[in-house]
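FYI, it's all coordinate maths here, none of it is from the lab. Please read these numbers as outputs of a predicted model, since none were measured by experiment. We place every Cβ from the backbone using ideal geometry, glycine too, and count neighbours over all the protein chains shown.
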Amino acid sequence: MINKNLTSYQIALVGAALASLAGFFPMLVLQSAGFKLPTWLWIATPIVSFCLIFFTIRWLIDYFIYRRIKVIYKYIHRVKSDPEIKKTRSRTHETLDMAEEKVIAYAEEKEHEVKTLRDLETYRRQFLGNISHELKTPIFNIQGYLHTLLEGGIHDESINLKFLDRAAKNVERLETIVSDLETIAQLESDQMVLEIEPFEIKALTKEVLEDHEQLARTKDIRLSFKAGADGEFMVSADRDRIRQVLNNLITNSLKYGQDNGLTKISFYDMDDRILIEVGDDGIGIDEQHLKHLFDRFYRVDVSRSRELGGSGLGLSIVKHILEAHKQSITVRSTIGQGTTFSFTILKAA
């Protein structure tokens, strides 16, 4: 089979050899016609024709083809700034197919980079829009309450304390948003140092459940452990950060769970990890929303979410904390049956 990836040297060699052989044909015709050709001519003709044709073909290929290919290589290599590629090396022996493959690969790489930059730009615009909206609501509320008080409401005992209380709650909401944004920024930039230590995860979960008893009672939601979670489960992680994960998931379950419902915590032994699940029997989440649940400020029910408060960053923080532990979180939900969040933690050695 003929190799299609011939270099200029190989092409010139093959072409010169074929031309030299073809040069014997007119000499044979002359010989057969009775002309006596000297021996040196039989020797010199193929040698001279081979050399002339060989160097002519090489020059033509290098000048009209590879000289232009070099320009492409130089541009690609300069942009990519690859130290291995920048080493001094002649490119005249590269094949056209290799050049084509590298140019196509480079074009695909740049196309992927452009798409990534466009996606990031879209995400940036959405994020700025979301954060502006989230901050605007409490700021406008505070502004309205304070202006009412300054315009004389401060002397009206029927509204002054009520408006001050509402303004204070909106300030707390602003503080929560800023604090959660700072937490995410630290997690994303690896500035937050995790204090890994062994601890018993069920005991920590009990503490978190106790902190949520008041909210659970207001909605008449029962908090319980799934059957089989009677043993101790020693894990290795940052205890305060895992507390934050459990706190956000259980708070989320209580806020969006149905009244007279159930929030259940489950533990499963998974060899070197413990799988923890926080589930409820609420209305469930439509499948179209599941892939966006961990996005910043994403809300399934916008009006209800803002009414219940929170920064809209809880699940995003959960995801970042677990990723900092090199673990993951998943969610499954069925409309009318409920939602379950599952995540893993390494066992203590």
Tell me the net charge near L346. Cut-off is 9 Å between Cβ atoms, L346 excluded, with +1 for each Lys or Arg and -1 for each Asp or Glu.
+2
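Per residue Cα convex hull volume for the range 227-286, in cubic angstrom? The partial results should precede the final answer.
On the way: hull volume 6.8 nm³, N = 60.
So the per-residue hull volume is 113 Å³.
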Debye log10 I(q)/I(0) at q = 0.21 Å⁻¹ for the range 196-346, Cα point scatterers
-1.53
Take the Cβ-Cβ distance between E195 and H147 as r, set R0 to 35 Å, and report the resulting FRET efficiency rounded to the nearest 0.05.
0.20
Less than 15 Å from a label point 7 Å out along the Cα-to-Cβ axis of Q327: which backbone N atoms in the range 189-208 qualify, by residue?
194-206, 208
With a point put 7 Å past each Cα toward its Cβ, work out how far F140 is from E101 in nm, to one decimal.
6.0
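How large, in Å, is the range 150-228 by the Kirkwood hydrodynamic radius built from its alpha-carbon pairs?
Numbers: mean 1/r = 0.0578 Å⁻¹.
When all Cα pairs of the range 150-228 are included, the Kirkwood radius is 17.3 Å.
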Going 7 Å from the Cα of V178 in the Cα-to-Cβ direction, what parts of the range 141-166 have a backbone nitrogen less than 16 Å from that spot?
141-143
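Could you give the length gained by full extension between Y268 and N160, i.e. 0.36 nm per residue of separation minus their alpha carbon distance, to one decimal place? Before the final figure, lay out the partial values.
On the way: separation 108, 0.36 × 108 = 38.88 nm, distance 5.26 nm.
Result for the pair: 33.6 nm of gain on full extension.
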